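Worksheet: the structure to be examined is printed underneath.
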Amino acid sequence: MVQHFGVIGFPVGHSLSPWIHQQFFQKSGIQGTYRKIAIAPDRFAQEITQLLSGDMHGFNVTVPYKEAIIPFLDELADNAASIGAVNTVTKKDGKWVGFNTDGIGFLRSIGTRFPDFLDELDKKILILGAGGAARGIYAAMLQTGMPVIDIANRTRASAEKLSQLNSGNTSSAVLSLEDAEASINKYDLIIQTTSVGMEPDDEGQLVKLGKLRTNTIVSDIVYKPIMTKLLKQAEQRGARIHQGHLMLLHQARYAFEIWTECKVDVQSMDIELKAVLEGR
Ligand code: ATR
């Protein structure tokens, strides 16, 4: 049986998800289709209702519908409810269920690239930004039980709101970007979650890494360009880097797993995806 999937958003023209899921179909032997579905905001309610009554097995949700989709679903997975955003929808026992695979995908991409990093619960983590992407990543990071997960953001109130997701023993200080820069040598992992540094703003860099330790991992969720200014500076300082396409790959892999219960091997896809991105 051919299973039908897709991504809804506006616009969706640049989405790499069709390419990624085509690779997953080939690797898994699952017969499927994956299409881009652009829905204009004034037609959202109508089109989503039609989509949900159709023959799709599941779909991804991207900007600007990650929150707007929620009232149309029957259930939310725990993490999607606490994050307040859905990027993956699946049909389960006749019900439409919403998940958020961004943060867990990010976490898995760190675990794959740096297999020992998450083993010891002694890491100090800094999240830069407090928007939608930061929310998913912060929620997933809290689940690791790491002792320190600080948040630095231009607008303090947004970071404070985000830190309210923390109900455990993790210490989460809210910092200005200047304070984060001054204490950058404190952290084992720094995660840049904003769009600063993304094409065409290639020269953008949210914080300077002058005081960075060489054993720190610097991660940037921006994948266009694949080497952001922040990552270049991290590499120059001798630190380890984690590029944005890895999160993209692993959040897609987790979505595919939710839909099909199949865990595809993404080892070699890292390089292929990098080539696709660089060739564009
Ligand atoms: P997304 O859902 O993609 O994360 P978002 O919710 O609009 O997007 O969040 C954008 C994040 O990037 C915010 O943390 C934002 O900071 P503010 O809360 O101060 O707005 C941050 N951001 C975007 N552009 C920025 C810039 N030029 N300088 C500093 N922070 C920026």
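The values are calculated or read from the model by the stated rules, or taken from the named source; none is laboratory data. Predicted, not measured: the structure shown is a model, and the values here were computed from it. Cβ placement follows ideal geometry from the backbone for every residue including glycine, while neighbour counts extend to all protein chains displayed. Ligands, DNA and RNA are excluded from the accessible area calculation, which covers all protein heavy atoms including side chains. Shrake-Rupley method; radii C 1.70, N 1.55, O 1.52, S 1.80 Å.
Residues in segment 45-75 that are open to solvent by 50 Å² or more (accessible area, probe 1.4 Å) and closer than 30 Å to N166 by Cβ: V63, P64, K66, E67, P71, F72, D74, E75. Does Y65 satisfy being under 22 Å from the mean Cα position of the chain (by Cα) and either part of a strand (DSSP E or B) or at pLDDT below 95 (or both)? It is false that Y65 is under 22 Å from the mean Cα position of the chain (by Cα) and either part of a strand (DSSP E or B) or at pLDDT below 95 (or both).
Taking the conditions exactly as written (open to solvent by less than 70 Å² (accessible area, probe 1.4 Å) and of a type in the set (K, R)), does K91 satisfy them or not?
Numbers: open to solvent by less than 70 Å² (accessible area, probe 1.4 Å): no; of a type in the set (K, R): yes.
No: the conditions fail for K91.
Looking across segment 17-39, the residues that are in a helix (DSSP H, G or I) and either outside the structural domain of P71 (by TED's automatic domain parsing) or open to solvent by less than 20 Å² (accessible area, probe 1.4 Å) (or both) come down to S17, I20, H21, F24, F25. Scanning segment 146-164 for residues that are open to solvent by less than 40 Å² (accessible area, probe 1.4 Å) and of a type outside the set (D, E, K, R) yields a count of 9. With respect to the stated conditions, S195 is open to solvent by 10 Å² or more (accessible area, probe 1.4 Å), of a type in the set (S, T, Y) and closer than 26 Å to T155 by Cα. Of D42, D78, all but one fail to be open to solvent by 20 Å² or more (accessible area, probe 1.4 Å), within 28 Å of A134 (Cβ to Cβ) and free of Cβ contacts under 8 Å to residues at least 40 places away in the same chain; the exception is D78. Of all the residues in segment 92-112, those that are within 16 Å of the ligand (Cβ to nearest atom), in contact (Cβ under 8 Å) with a residue 60 or more places away in the chain and either aliphatic (A, V, I, L, M) or part of a loop (DSSP other than H, G, I, E, B) (or both) number 1.
Every condition in (1) within 30 Å of G58 (Cα to Cα); (2) open to solvent by 30 Å² or more (accessible area, probe 1.4 Å); (3) of a type in the set (G, A, S) is met by S167 except one, and the failing one is (1).
Yes or no: segment 231-240 includes at least one residue that is aliphatic (A, V, I, L, M), more than 16 Å from the ligand (Cβ to nearest atom), part of a helix (DSSP H, G or I) and not assigned by TED's automatic domain parsing to the domain that holds Q22. Yes. Being modelled with pLDDT under 95 and assigned to a helix (DSSP H, G or I) is a property that holds for V276.
Could you check, for segment 132-153, whether at least one of its residues is charged (D, E, K, R) and farther than 23 Å from S109 by Cα? No, segment 132-153 contains no residue that is charged (D, E, K, R) and farther than 23 Å from S109 by Cα.
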